[in-house]
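The structure appears below as structure tokens.
The values are calculated or read from the model by the stated rules, or taken from the named source; none is laboratory data. Owing to the predicted nature of the structure, the values given are computational and were not obtained by experimental measurement. Because the Cβ atoms are built from the backbone with ideal geometry, glycine has one as well, and the counts that use them run over all protein chains shown.
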Amino acid sequence: MGPFLRNEDDTKKIMTRLLISLLPIIIFIVVKNGYLPYRYGVISFIEMFNPILNIIIGALSSLIVESIYALILRKKNYIKNSYAFFPGLFLTLILPLHTPIHIIVIGSMIASISKLIFGGFGKNIFNPALVGYLFIVLVYSNVFTTNNYFNQYELDTISRATPLTNASMVSGIGSYDELVKPYGSLSNFLIGNIPGSLAETSALLCIAAYIYLSITKTIKWRIPLVYVGTVFVMTFCIGRLLGEGIYYPLFHILSGGLMFGAVFMATDPITSCVTPVGQILQGLLLGVITVIFRFTGVEGVAFSILIVNALVFALDKIGMVSRFNILKSVVFFILIWIVAIALTIVFANSRKTVDNQDPNFNIISKNKIDNQTIYNVSQEGYGGKIKAQIIIENDLIISLEITSHRETNDRYQLVLDEDYINKLIVNQGNLDNLDTVSSATVTSNALKKLVSNVLKDYKPN
Amino acid sequence: MKVKIAKHKLTNDELIVYNKPKKVYIPLISGNDTNITILVKKGEYVYKGSMIGKRKGDFRIPIHSSVSGTVLDFEEKTCYNGEKIKCVVIENDFKEKIEQKINIKKTISKYSKEEFLELLKENGIVGMGGAGFPTYVKYEAKNIDTLIVNAVECEPYITADCTLAKAKCEEILETIDAILEINKMKEAIIAIKKENVELKQVFDNFIGTYLKIKIKLVSNIYPMGWEKRLVKEITGKDYSNYPSDVGIIVNNISTIYAIYEALKYNKPLIERIVTFSGEGLEKPYNVLVKIGTPVDEILNQLKVKENSIIVSGGPMMGNRVDELVISSNLNCVLALNENANDVTACIECGKCVSVCPVKLSPVLIMKTKYKKERDIKKIKAYHPEKCIGCGLCSYICPAKLYVRERVKEAKKIVRGDK
């Protein structure tokens, strides 16, 4: 039995490096969701420890399940070499901050059980943490509501959903003002100063971990690179086709669970390809499927990875054969590229909005007298058309008068109480930053859109 | 992924001689072929250099006695590949009697190509790096123009070729030059590892007058000594079967010196230099030994520690053995401390795939079960027969699995040995 020289690197060191790379991310989580809200005085001292508590509970739940398994089967050394805490740890990291403890425990246990069903460490086909995640999505879908994602401080300062949920609500593919501005700028996405699952927000730390893990040969470096690259190229093309700038693909690769999923979940050694060509194909497929999920309305990094997990064996077979003859993999590459190109075009066309015109907006009349322009317009509100007359003088709205509406009276009263119509005139140059009236969101939003549509018509661009 | 394996500190260029074995066990194997015609009988007296066997089939390479004495018996002994091989047991009478030889020319470059081939064949010259391929067959190929002299010795511990080259540098250069002239070849390239500065200096001192011989430094990665990689590194050429397909012959230093002795003295291949090293020895040595010498005699002389395990070959490609006799293609014997690595579950990190020099996917071969007949077809798709046994897959494995052994098993099955 040989050879008689062995490399110094071993599984234990690999797993240790993985933990080291997670450490900055965990510290970031604690600072962002624990320490900072505490300093701003929005949570109590005890609540500050909630995020770290979640992580520990998740990891422990998994460890306990596997310990019981080892005890029952009397596998003495199993737990020493099975790194049993990882499924629960990773699961907690991709869950919202306010996930109830009992759901974390159940999810982590399901995650570990999914690993044990296949025979334990080294034998599972599906990423355990993601199986736990899928379980929670299916059984406890209400965990993933906006409020659960936000820490107390974010709740007070950002009045929107998480970036991707927000992106799924805009018309077309959205604009910089709609997608990025509500959260500050793209640098906030990079640093992680945006709402989202625990570990998923800081793209920068994920990239740092990727570099560290690749240099130390801990993870399969090709998978994250091709995965994120594919999402970037596809969203870049979609954005380009619809006239959006470079911010658009950046928004996509920096938001949601993509970075964290690509670096930590897609590269899980046991459930990913071993051959180089297999790894590249895996990354391509992951990218394409994630884009499909995102453009059909949901965030799908987790599901993409699970779907591709099932294909790993086949991809490796292609990878194995193409090591002897690279030509044998070409047809698969071409196939995936064709699908990617086709999807890009389909998604771009389906999101096309004709000249960005709001279909709910209608100009009834438009008269120019001297330096005044008088608009008679209508905008769809909560109960029907809101009609209004707007007078623009010297490029400024000087009067806004609601001529008729069908909104419920109490809601409309709220709008009047807030003096919202005057606020619209005062803030006409800065409408995006004007908050809507709470409890009368639709009505106030319709009024806001009405004003902005008139301005758009008056001064295109 | 390219792998560098640190050069081992346990080296020593000191050359000692061990030529007094009481008995020799000449293995009846040539290359991997044990199909040998036996030419001696029990009780027969043989001279040193007498032919005692001859390979059947295409390559009629003879096997010679390394001592003079009486044939005692035929016995099975473990050989370099860890397998039991039938050996001719000869009792040494220490007289070193030699059969009268004729046809020796004083200048070794004066032979015709036919004489050259005949001398190589009759003296049983084979590749001494491991495969044991008959050397004359290499030179029979047409349109050969380049000779690559493999002085790489990429496995740690092994310094047999290096020691020989330092001791016999002039003879080796003279032989290379003669080979070029006899075979009308264009040039010879001596391949030396970058880190082996000493050896390069030795050659640099003598190479001045040989205009057709060049020295090329190759990178320190393992397995650089593997023919295919060496040819690629030096000439950039790929070939499918033999280097002669692209006009190249590769010989290592020991083989070149064996050719020298064949041309100069008509001396058959009956002794070689073997590296003895490892933590189990007080001091490492390179030993000039007779083919057929039992290794434990030498190890005892070198004061091997008790409980050491004996490895036939280098640390990467070698096999653990209980006993061993010296054969012409054995370049190293190691006495190592037994240290059992904890074998853990495969995490499918894919490292064995990325290091494999013949582009196998060892982890996938390991995962494939092949108990039934139809599974053999499945495993064939993975081409385990391409394995060169370099051991990198096991070396790199973070779970410390015996990957190489599993690939070897598959290789045997595909080849139909089992």
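Things worth noting here:
- Just one of the listed residues (A:GLY34, A:GLY41) is at positive phi and surrounded by fewer than 22 Cβ atoms within 10 Å (Cβ to Cβ), namely A:GLY41.
- Complete set of residues in segment B:386-400 that are hydrophobic (A, V, I, L, M, F, W, C) and either touching a Ser or Thr at 6+ places or on another chain (Cβ under 7 Å) or at the interface with chain A (Cβ under 8 Å from one of its Cβ atoms) (or both): B:ILE396, B:CYS397, B:ALA399
- Residue within segment A:128-149 that is under 30 Å from A:LYS12 (Cβ atoms), modelled with pLDDT under 90, within 14 Å of chain B (Cβ to nearest Cβ) and buried (at least 17 other Cβ atoms within 10 Å of the Cβ) present: no
- All conditions in (1) within 7 Å of another protein chain (Cβ to nearest Cβ); (2) over 18 Å from B:PRO315 (Cβ atoms); (3) crowded, with 24+ Cβ neighbours inside 10 Å hold for B:HIS383, with the sole exception of (3).
- Subset of segment B:364-380 that is surrounded by 17 or more Cβ atoms within 10 Å (Cβ to Cβ) and part of a helix (DSSP H, G or I) - its residue that is nearest to the other protein chains (Cβ to nearest Cβ): B:LEU364
- Filtered residues of segment A:113-154 (kept if more than 26 Å from A:THR271 (Cβ to Cβ) and out of contact with any Ser or Thr (no Cβ under 9 Å at 6 or more places or on another chain)): A:ASN142, A:THR145, A:ASN147, A:ASN151, A:GLN152, A:TYR153, A:GLU154
- Some residue of segment A:205-218 being under 16 Å from the mean Cα position of the chain (by Cα), assigned by TED's automatic domain parsing to the domain that holds A:ILE345, surrounded by 16 or more Cβ atoms within 10 Å (Cβ to Cβ) and of a type in the set (D, E, K, R): no
- As a summary of the residue check, A:ASP419 satisfies the conditions (1) touching a residue at least 12 places away in the same chain (Cβ under 8 Å); (2) at positive phi; (3) not polar (S, T, N, Q) except for the one numbered (1).
- Entry remark, segment A:1-31: residues being of a type outside the set (S, T, N, Q) and either at the interface with another protein chain (Cβ under 8 Å from one of its Cβ atoms) or touching a Gly at 6+ places or on another chain (Cβ under 7 Å) (or both) number 11 in total.
- Of the residues making up segment B:306-318, just one is within 16 Å of B:LYS84 (Cβ to Cβ) and either in contact with a Phe, Trp or Tyr (Cβ under 8 Å, 6 or more places away or on another chain) or among the aromatic types (Phe, Trp, Tyr) (or both), namely B:SER312.
- Strands (runs of 3 or more DSSP E) (entirely within segment B:1-75) containing at least 3 residues that are under 20 Å from B:ASP296 (Cβ atoms) and of a type outside the set (Phe, Trp, Tyr): B:23-27
- For segment B:345-363, taking the residues that are more than 7 Å from every other protein chain (Cβ to nearest Cβ) and part of a loop (DSSP other than H, G, I, E, B), the one that is surrounded by the fewest Cβ atoms within 10 Å (Cβ to Cβ) is identified as B:VAL358.
- Per-region count, segment A:51-73, residues surrounded by fewer than 19 Cβ atoms within 10 Å (Cβ to Cβ) and under 24 Å from A:LYS32 (Cβ atoms): 5
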